[in-house]
Amino acid sequence: MSLSPNRLGRAIIPSLCVLLGLFGISFSPAKDRPARVNLFPRLQAGHTLAYQISYHRDKHVKTDSRVIVATPDNSDNVDVNALLRLEILGVQTQGDRAVIRARAKFEDPDSDSHDKVPNLQPSAGQPQKQGPNRKVVEFTIFPDGHIDRVSGLDAFLPEQQQVWQEWASRFLLAAGFRDHRAHLAQKWQSEEAERSSSPIAGLRWMRESTYVRDEPCHGMPLTMQGGLAPSDAEPETCAVILTTAVLKQGSSAKNTTPEDFRLHNLRTTGNARGANRIITYISLRTGLLVRATEEATQQMTVTVAKADGSNRVHYDVTATSRSEVVMVSEPARNNP
């Protein structure tokens, strides 16, 4: 019995469907595949943004030594609330990302720090420092999500520098992911050396971020008094990124001496650990940070001594911090 090409084709197609079913192979339309989104900030020259940033830190240091007189518990508490205004100076598009030049300044910062900053008067011949609202930091954001060419940051108070760094880390969290486009349930791992000075060498943060879901979000209106008010604006959709980080110690607890301590003929021993949790909301429409919260804890037990083991000083340090970054809109002003 012979089969015509048409009859042969009709016979083969059902057989192929059966075989594909047996092997668990299935085809789905492209629209059913996970949608990929661009989470890099999409900005234009002349754009202005504003963020309300709050940062709180509690730090306790207990000192034990036979060679110095130290308080049993030295507390260092910082509370900062600030409005950061961002102005986009220039944008050079590179594919679906860009090189962005920007300027930021604080407006009406409200800082209550128990580390009082002395009101130093400049010596004769030194220029008078600018007021807080005249200080600006200029910087460039690159397509891989890192910030460079930072100028003016040193003119800010230490608390303001901390707040700016908190904002920058949250603003560019997703922009630093290797994949230019992300999809739901995607994970990213990264590793970064601890940047602050420490008597323990080899500290690194191990981070994992997950695109957990999409959900409605919106910025918050800023009241005339500088607070946040409930928003009645139509919400947009945000990607929700959950980031967890663990502080790992690469040095042995028996010898944790950093190079700068070694150069001063000192030796350190001890251990450190830490963890933090960040939830970030990024607009799918603009790639801009809408809101982020972070909670962090760190503990350190370290002994500092001379290289021969004499003059030992033991420190127990515990620190907790929390921060929030919220995109805000200007308050409505009534015309006279």
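The values are calculated or read from the model by the stated rules, or taken from the named source; none is laboratory data. Since we're looking at a predicted model, the values are computed, not measured. Every residue, glycine as well, gets a Cβ built from its backbone with ideal geometry; the counts of neighbours run over all protein chains shown. Surface areas here come from the heavy atoms of the whole protein model, side chains and all, with no ligands, DNA or RNA. Shrake-Rupley method; radii C 1.70, N 1.55, O 1.52, S 1.80 Å.
Applying the criterion of being closer than 14 Å to N38 by Cα and open to solvent by 60 Å² or more (accessible area, probe 1.4 Å) to the residues of the range 149-181, the residue that is modelled with the lowest pLDDT is H180. Residue count for the range 191-214 satisfying the condition of being of a type in the set (S, T, N, Q) and either open to solvent by less than 60 Å² (accessible area, probe 1.4 Å) or at pLDDT 90 or above (or both): 3.
A Cβ distance below 8 Å, combined with a sequence gap of six or more or placement on separate chains, defines the contacts here; from the range 161-187, residues that are among the charged types (D, E, K, R) reach residues that are in a loop (DSSP other than H, G, I, E, B) and surrounded by fewer than 21 Cβ atoms within 10 Å (Cβ to Cβ) in the pairs D179/Q186; R181/R36; R181/N38; R181/D96.
Checked against the criteria, V69 counts as open to solvent by 60 Å² or more (accessible area, probe 1.4 Å) and either part of a loop (DSSP other than H, G, I, E, B) or at pLDDT 75 or above (or both). Is at least one residue of the range 274-297 outside any strand (DSSP E or B) and touching a Lys or Arg at 6+ places or on another chain (Cβ under 7 Å)? Yes, because at least one residue in the range 274-297 is outside any strand (DSSP E or B) and touching a Lys or Arg at 6+ places or on another chain (Cβ under 7 Å).
Being aliphatic (A, V, I, L, M), modelled with pLDDT under 95, crowded, with 18+ Cβ neighbours inside 10 Å and not in a loop (DSSP other than H, G, I, E, B) is not true of A102.
Would the range 258-268 turn up any residue that is outside any loop (DSSP other than H, G, I, E, B), open to solvent by less than 60 Å² (accessible area, probe 1.4 Å) and within 24 Å of T320 (Cα to Cα)? Yes, the range 258-268 contains at least one residue that is outside any loop (DSSP other than H, G, I, E, B), open to solvent by less than 60 Å² (accessible area, probe 1.4 Å) and within 24 Å of T320 (Cα to Cα). A count restricted to the range 288-330 and to residues that are in contact (Cβ under 8 Å) with a residue 40 or more places away in the chain and more than 15 Å from the chain's Cα centre (by Cα) stands at 20.
Taken over the range 290-319, the criterion of being within 22 Å of W205 (Cα to Cα) and aliphatic (A, V, I, L, M) is satisfied by A292, A296, M300, V302, V317, A319.
If you go through the range 242-256 and keep only what is among the charged types (D, E, K, R) and surrounded by 13 or more Cβ atoms within 10 Å (Cβ to Cβ), you end up with just K248.
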